[in-house]
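> If you scroll down you'll find the structure; I have some questions about it.
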Amino acid sequence: MKKAYMIIVSFVFILCIYFIFFHQGLYNGEFIKWGEVTNSNVTELLEGNKIPYEIREGFIYIPEDATSDAVLCCS
């Protein structure tokens, strides 16, 4: 019983580590307009959180599936 418990705990621990370190930054959605480029540090925050972005005609575009992560990191 103790051996099965240790295997389950180890599996959960490894799964948590995976989601914390490797799951971020796997965005592949279509780029959508997210905000204007201003004098703020939004682009630095996006880079720090490994969220890809593009700047086109004065606007920041991010992948559609990264919107919630971008809101969390930049608000």
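All of the numbers you see were taken from the coordinates with simple rules; none came from a lab. No experiment lies behind these values; they were computed from the predicted model shown. Cβ coordinates were reconstructed from backbone atoms using ideal geometry, including for glycine residues, and neighbour counts include every protein chain displayed.
> Longest exposed-loop-site-free stretch of the chain, with GluC sites (Glu not before Pro), DSSP loop and at most 13 other Cβ within 10 Å? Could you put the intermediate results ahead of the total?
Working: sites that count: Glu30, Glu57.
It works out to 1-29.
> So what is the 222 nm mean residue ellipticity for the chain from helices alone, if each DSSP H run of at least 4 adds -39500 (n - 2.57) and you divide by all residues, rounding to the nearest 500 deg cm²/dmol?
Working: 3 runs with 35 residues, N = 75.
Roughly -14500 deg cm²/dmol at 222 nm, from the helical runs in the chain.
> Further question: Restrict the search to region 6-73; then list the chymotrypsin sites (Phe, Trp or Tyr not before Pro) that DSSP places in a loop and that have at most 13 other Cβ atoms within 10 Å of their Cβ.
Values: sites: Phe11, Phe13, Tyr18, Phe19, Phe21, Phe22, Tyr27, Phe31, Trp34, Tyr53, Phe59, Tyr61; in loops: Phe22, Tyr27, Tyr53.
Filter output for region 6-73: Phe22.
> In percent, what relative contact order does the chain have, based on Cα pairs under 8 Å that are 6 or more apart in sequence?
Relative contact order here is 32 percent.
> OK, next. Using only the alpha-carbon atoms, how far is helix 2-21 inclined from the longest principal axis of the chain? Give it as 0 to 90 degrees, nearest 10.
10 degrees
> Still on this structure, please answer the following. Computed FRET efficiency, Cβ-Cβ of Ile8 and Ser40, R0 35 Å: what is it to the nearest 0.05? Display every interim value, and only then the final one.
Working: r = 45 Å, r/R0 = 1.29.
Efficiency, rounded to the nearest 0.05: 0.20.
> Name the residue farthest towards the positive end of the dipole of region 2-74 from the options Cys74, Ile60, Trp34, assuming +1 on Cβ of Lys and Arg, -1 on Cβ of Asp and Glu, about the Cα centre.
So the residue we want is Cys74.
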